[in-house]
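Written out below as structure tokens is the structure these notes cover.
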Amino acid sequence: MRIPCPYCGPRDTHEFVCRGETDTNRPDNDEAFYDYVYLRDNPIGSVREHWYHAQGCRNWLTVTRDSQTHEISEAVLAKDAAR
Amino acid sequence: MQRYSIFSLARRALSGHRHWKPTWRDAAPRSSYDIIIVGGGGHGLATAYYLAKVHGITNIAVVEKGWIGGGNAGRNTTIIRSNYGLDGNAPFYELSMKLWEGMEQDLNYNTMVSQRGVLNLYHSDAQRDAFVRRGNAMRLHGIDAELLDREEVRAMAPFLNFDNARFPIQGGLLQRRGGTARHDAVVWGYARAASDRGVDIIQNCEVTGFVRDARGRITGVETTRGTILAPKVGLAVAGHSSHVAAMAGLRLPIESHVLQAFVSEALKPVIPGVITFGAGHFYVSQSDKGGLVFGGDIDGYNSYAARGNLPVVQDVCEGGMAIMPMIGRARLLRSWGGVVDMSMDGSPIIDHSPIDGLYLNAGWCYGGFKATPGSGWCFAHLLATDQMHEAASAYRLDRFASGRVIDEKGQGAQPNLH
Amino acid sequence: MVEGAELVPMLGMGIAAVMARRGADMTHLAALLGISAMPVARALKAGSGEIIIGTGPEMWLVISPDAAPDWGESLAERLAGVASVSDQSGGYALYSLRGAKARQLLQKGAFIDLHPDAFGRGSAATTVIAHAGVILWQTEEEAPAFELALFRSFQASLEHWFTVALAAMAAAD
């Protein structure tokens with residue numbers, strides 16, 4: 001699995017740390033907080049995740065990946081995705 | 001059921017082994033049952049068996065999307081142990097360990113339970129202290145644990161790299177009753193014993209949805225082989241728990257991850273038991289065929305692919321070379337991956353779901369195999385009595401909301417770190 | 001020309017991490033550093049002798065030969081308001097790797113494509129060699145010659161990798 005880092009180019013996953021599903025924003029009430037911290041969609045198929053390019057440009061990426069085939073369709077800087 | 005014994009073996013041998021009957025009955029689905037268990041792996045089949053044996057409920061279907069034991073039951077590294085430190089875990093895994101110890105007699109099946117010992121190495125003073133604490137916790141729960149010093153470890157496993165510059169071996173925590181069992185045989189043994197008591201084992205039968213009544217209760221499953229009704233449906237589909245639960249509209253505190261395992265060419269007997277490296281991600285044992293069976297950490301990203309990537313292959317091999325340099329002379333024969341349920345605290349869930357009629361057995365992380373008999377025992381108890389079994393009373397689904405997490409590794413809600 | 005490959009420490013250099021301030025004008029920043037445009041995953045040499053290496057989005061490593069003790073501070077003053085500067089002279093170690101087999105050797109360590117078509121003079125990458133993070137750039141086509149920066153505490157590890165990799169390569173020849 002190689003992730004096409006928008007800055008560094010295609011890089012082995014060796015260089016990255018996966019943080020998991022990109023989530024909704026941090027909620028402001030306790031009930032939603034349980035959901036936010038503990039529950040996951042965990043779907044088969046397309047997932048949007050945060051990956052940190054720890055051994056590269058040290059930026060957070062938002063990666064769109066298929067959880068069954070590992071095919072990566074998009075990787076953008078998380079700060080751009082959040083805009 | 002034809003009982004297996006040395007006499008039955010001799011008799012069949014004399015007739016050229018032509019008259020063995022199928023071990024279990026491959027059933028077609030009927031329209032309704034008392035209980036449906038989704039997932040024909042070790043856990044699902046053990047659940048069906050103990051429901052029949054302990055609770056006298058035999059009108060049960062075990063539905064399996066592929067063939068029994070074709071998922072994680074066939075992909076693990078066959079280790080059994082109960083060396084857990086936390087109160088929520090220790091009684092459960094010890095119940096499971098005791099069931100392993102009586103399994104072959106109980107099932108009349110050779111599951112090759114081999115209590116050859118599980119040795120966790122420690123490499124620093126701090127790690128020794130943690131192991132002393134874990135060993136003491138185990139003994140307070142009536143589980144065997146021995147702290148070995150460096151020379152005692154050397155006597156057991158002289159081939160280890162004791163003077164690794166970064167991680168010298170200081171000693172180890174040994175559970176002699178731990179060891180290995182034959183994973184496929186466990187599946188077949190439970191299938192045979194359950195089938196014999198009237199349980200229908202239905203293969204190539206994938207659940208595609210749930211049947212709900214007007215009150216929202218689950219009253220059955222839709223499958224690729226038609227609708228099957230039952231007032232109680234139990235999920236034992238670890239790896240795919242989120243996927244199946246989503247069909248009932250549930251989100252679980254679980255992520256699916258890929259865990260890889262490896263086996264070398266067959267060697268002469270060299271490793272006495274199971275050995276784990278305390279400073280890297282590597283553990284190893286030797287199968288009865290002679291292959292070194294080893295593995296390490298999960299890949300670290302969500303996956304349903306049942307195959308991993310090269311960085312973890314490299315990491316595991318480097319761990320092996322660090323602790324046991326002679327492994328470098330062995331050729332790698334096979335590697336594979338399995339999809340595991342990683343829960344948010346690294347511990348499993350055996351509980352009611354929030355939906356009436358639906359029960360959960362999930363979140364086994366990378367340690368489901370050793371739990372097989374205990375999981376079956378406790379899930380059967382839950383399905384039959386609607387009460388959680390005492391030994392599994394901590395495995396509640398609501399523990400994340402109530403703060404009673406069982407975090408053996410202390411990593412928090414970051415499943416890829418457990 | 002070096003026959004195989006050699007790894008030579010580069011001493012006495014000033015090293016600073018530079019990060020553009022939010023909304024900073026890149027052309028202005030480049031002008032302050034004496035270059036025409038800020039490099040992206042490339043290494044550039046300014047007229048002053050300073051080397052500017054793109055290490056990430058709006059992040060660079062700036063290296064100065066024969067740096068005075070207050071070079072980092074003076075660079076911060078020079079870029080004030082446009083970029084933040086943190087002096088890394090004591091944090092990073094620098095090496096020059098050169099020789100006819102330098103590229104082949106490097107390819108044994110780094111997981112990136114180092115074919116001359118993909119990585120040539122002026123190319124730069126932040127990546128890993130033997131588990132240690134490195135910033136790597138190519139200075140010359142001939143020989144060829146590379147330079148790399150890594151955290152100082154990984155020096156022994158890198159040198160060990162180099163010795164072992166070179167020996168393995170020699171044994172394979």
Scanning for something over 16 Å from B:Ser195 (Cβ atoms) and part of a loop (DSSP other than H, G, I, E, B), does segment B:4-14 turn up at least one residue? yes
If you go through segment B:252-262 one residue at a time, do you hit one that is polar (S, T, N, Q) and under 21 Å from the mean Cα position of the chain (by Cα)? yes
Breaking point among (1) of a type outside the set (Phe, Trp, Tyr); (2) surrounded by fewer than 16 Cβ atoms within 10 Å (Cβ to Cβ); (3) more than 10 Å from every other protein chain (Cβ to nearest Cβ); (4) touching an Asp or Glu at 6+ places or on another chain (Cβ under 9 Å), for A:Asn29: (4)
Could you grab me the full set of residues in segment C:118-166 that are among the hydroxyl-bearing types (Ser, Thr, Tyr) and more than 15 Å from the chain's Cα centre (by Cα)? C:Ser153, C:Ser157, C:Thr163
So is B:Ala394 away from chain A (no Cβ under 11 Å), part of a loop (DSSP other than H, G, I, E, B) and either farther than 26 Å from B:Val38 by Cα or of a type in the set (A, V, I, L, M, F, W, C) (or both) or not? yes
Being among the charged types (D, E, K, R), farther than 16 Å from B:Pro253 by Cα and without any contact (Cβ under 8 Å) to a residue 60 or more places away in the chain narrows it down to one residue among B:Glu318, B:Glu408; which is it? B:Glu318
Flagged in segment C:101-132 as aliphatic (A, V, I, L, M) and in a helix (DSSP H, G or I), in numbering order, are C:Ala102, C:Leu105, C:Leu106
Taking into account only those residues within segment B:115-165 that are in a helix (DSSP H, G or I) and of a type in the set (S, T, N, Q), which is farthest from B:Ile271 (Cα to Cα)? B:Asn136
Members of segment C:68-90 found to be surrounded by 15 or more Cβ atoms within 10 Å (Cβ to Cβ) and part of a loop (DSSP other than H, G, I, E, B), listed by number: C:Leu79, C:Val82, C:Gln88, C:Ser89
Scan segment B:268-314 residue by residue and report those that are within 13 Å of chain A (Cβ to nearest Cβ), touching a Gly at 6+ places or on another chain (Cβ under 6 Å) and closer than 18 Å to B:Leu417 by Cα. B:Asp299, B:Gly308
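Here is a yes/no grid of residues against (1) more than 14 Å from every other protein chain (Cβ to nearest Cβ); (2) of a type outside the set (Phe, Trp, Tyr); (3) crowded, with 21+ Cβ neighbours inside 10 Å:
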| residue | (1), (2), (3) |
| --- | --- |
| C:Thr126 | no, yes, yes |
| C:Leu136 | no, yes, yes |
| C:Thr139 | yes, yes, no |
| C:Ala145 | yes, yes, no |
| C:Arg152 | yes, yes, no |
| C:Trp161 | no, no, no |
| C:Ala172 | yes, yes, no |
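Only the coordinates and a few stated rules stand behind these numbers; no lab work does. Just so you know, these numbers come straight off a predicted model, no measurement behind them. Here Cβ is always computed from backbone atoms with ideal geometry, including for glycine, and neighbour counts include all displayed protein chains.
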